[in-house]
Amino acid sequence: MRQWTVFIWLLCLAAVVGCENRTVAVSNDEQTEQLLMETDTTQSLYVYYPLFTYIDLACGEMPRVSDPNVVMCLSAAFTGKETSLFSHNNIAGDHVASGVFHEGYRCQANTGLFVYYDQRWQFIPSATSDSLTRAADEGGMGFAQIMLVYRGKPCQVQIGGRNRFRALCEKDGRLCIVESRSLQDIDSFVRCLLNYDVRHALYLQPGEGWNYSWYRDAAGVAHEMHPKTHDYSTNWLTFYHLR
């Protein structure tokens, strides 16, 4: 009888340990889901913090929803002509994609750069810089756009009209995508960025169709941020998370 009692006790202990192991596994999965994409909102802004392994500039073809390594992608540099024929010369400013340097068309509106290589990024208050060449040499990426905020100070910007603006930003040492929640003029958008305490902000192409973008949650579900209305976009800032 005593042997049976010990045997039953051991079976119960094994069942408890097994349950504990399964609980830990579920908890880890839930934590991963929360970390792949964090979001924040203010009265005027939507904010997205993607967790990424690396960043690239996709050119010519938008990353496919079927690619499970893509966490988020959205239009980056301006596109010149609305044409179905892709050319790097139709992208505003010199740029680096997957470690390859490309010449773009000269765009006077561009006042800043974003470069990423060796798992580090940099916002540069100039549309031309040796950092683009360095990014290419190191297998990184980079593109030119309008600098909105640099080192916590507003930049001189001349953008007319009202829009749901979008920017690539750095806040508290993290990269995030910030969007207007409603139509704004550019001065109001920049004030909202400053109130959110971003250190750097680089414009990203907004506007209907150009703002087509999506992100993926940890369950593999792609969420469309804005609908696709045309095929004229030429380049996309893309965050990847290798699993």
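Structure above, values below:
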quantity: Some residue of segment 198-219 being under 13 Å from S44 (Cβ atoms), of a type in the set (F, W, Y) and open to solvent by less than 10 Å² (accessible area, probe 1.4 Å); calculated: no
quantity: Qualifying residue in segment 99-117 (condition: β-branched (V, I, T), open to solvent by 10 Å² or more (accessible area, probe 1.4 Å) and at pLDDT below 95); calculated: no
quantity: Complete set of residues in segment 165-198 that are part of a strand (DSSP E or B) and closer than 20 Å to Q119 by Cα; calculated: L168, C169, E170, K171, R174, L175, C176, I177
quantity: Condition check for N90: touching a Lys or Arg at 6+ places or on another chain (Cβ under 8 Å), open to solvent by less than 40 Å² (accessible area, probe 1.4 Å), in contact (Cβ under 8 Å) with a residue 24 or more places away in the chain and on the phi < 0 side of the Ramachandran plot; calculated: yes
quantity: Odd one out for N195 among (1) at negative phi; (2) surrounded by fewer than 19 Cβ atoms within 10 Å (Cβ to Cβ); (3) without any contact (Cβ under 8 Å) to a residue 60 or more places away in the chain; calculated: (3)
quantity: So T83, is it in contact (Cβ under 8 Å) with a residue 12 or more places away in the chain and over 25 Å from V198 (Cα atoms); calculated: yes
quantity: Check on V70, touching a residue at least 12 places away in the same chain (Cβ under 8 Å), open to solvent by 50 Å² or more (accessible area, probe 1.4 Å), under 29 Å from H223 (Cα atoms) and among the β-branched types (V, I, T); calculated: no
quantity: Test: residue in segment 148-162 that is at pLDDT 95 or above, of a type outside the set (A, V, I, L, M, F, W, C) and under 26 Å from H102 (Cα atoms); calculated: yes
quantity: Subset of segment 107-148 [assigned to a loop (DSSP other than H, G, I, E, B) and over 26 Å from D187 (Cα atoms)]; calculated: D118, Q119, S129, E138, G139, G140
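The values are calculated or read from the model by the stated rules, or taken from the named source; none is laboratory data. No experiment lies behind these values; they were computed from the predicted model shown. Cβ sites come from the backbone with ideal geometry, for glycine too, and all protein chains shown count toward neighbours. When the accessible area is computed, the model is the full protein with side chains, heavy atoms only, and any ligands, DNA or RNA have been set aside. Shrake-Rupley method; radii C 1.70, N 1.55, O 1.52, S 1.80 Å.
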